[in-house]
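Notes follow once the structure below has been shown.
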Amino acid sequence: MLCLGRLWAVRCDDASDGPTCLAYSCRTHACRKALAKRRSERIDGHTIPIATDWWNTEIAAAHLPGAPVTGPDVTQLSRGDLFTDAANLNADYEVELLRFLWRVIAWGSVVSRRVV
């Protein structure tokens, strides 16, 4: 099974449907439960713990612009945080662009459960 956001794609094994047939349904309780949540809760609120101290230390140690990734007391980032950053980003300032890049990488590099 492959999660396609709102729908689950299930490969059809019936020869009459052909090898590329996909039947769509929301088959699991977890899928139905997730879809019952509002977008802001399901997507914007998707929060990931990040190692703030590690990111800030490593970026500073490499003498790269864009640190700090977050403030010292911030231990997590949400997709909503990144969407807000992107909407308010001033592309004329390289440091701001790099800070946004580090935040996106910090959010995306965390090992988490993903449907594949």
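Placing R32, R38 in order of accessible area, with the largest value first and a 1.4 Å probe, yields R38, R32. Only the Cβ atoms of Lys and Arg (+1) and of Asp and Glu (-1) were treated as charged; on that basis the dipole of the range 47-107 about its Cα centre amounts to roughly 160 debye.
So, by mean Cβ neighbours within 10 angstrom, what's the order for 61-69, 48-56 with the highest one leading? The partial results should precede the final answer.
On the way: 61-69: 14.1, 48-56: 15.8.
Ranking the peptides 61-69, 48-56 by packing returns 48-56, 61-69.
The values are calculated or read from the model by the stated rules, or taken from the named source; none is laboratory data. Fair warning: this is a prediction, and the values are worked out from it, not measured in the lab. Glycine also receives a Cβ, built like all others from the backbone with ideal geometry; neighbour counts cover every protein chain displayed. Heads up: the accessible areas ignore ligands, DNA and RNA and are worked out on the full protein's heavy atoms, side chains in. Shrake-Rupley method; radii C 1.70, N 1.55, O 1.52, S 1.80 Å.
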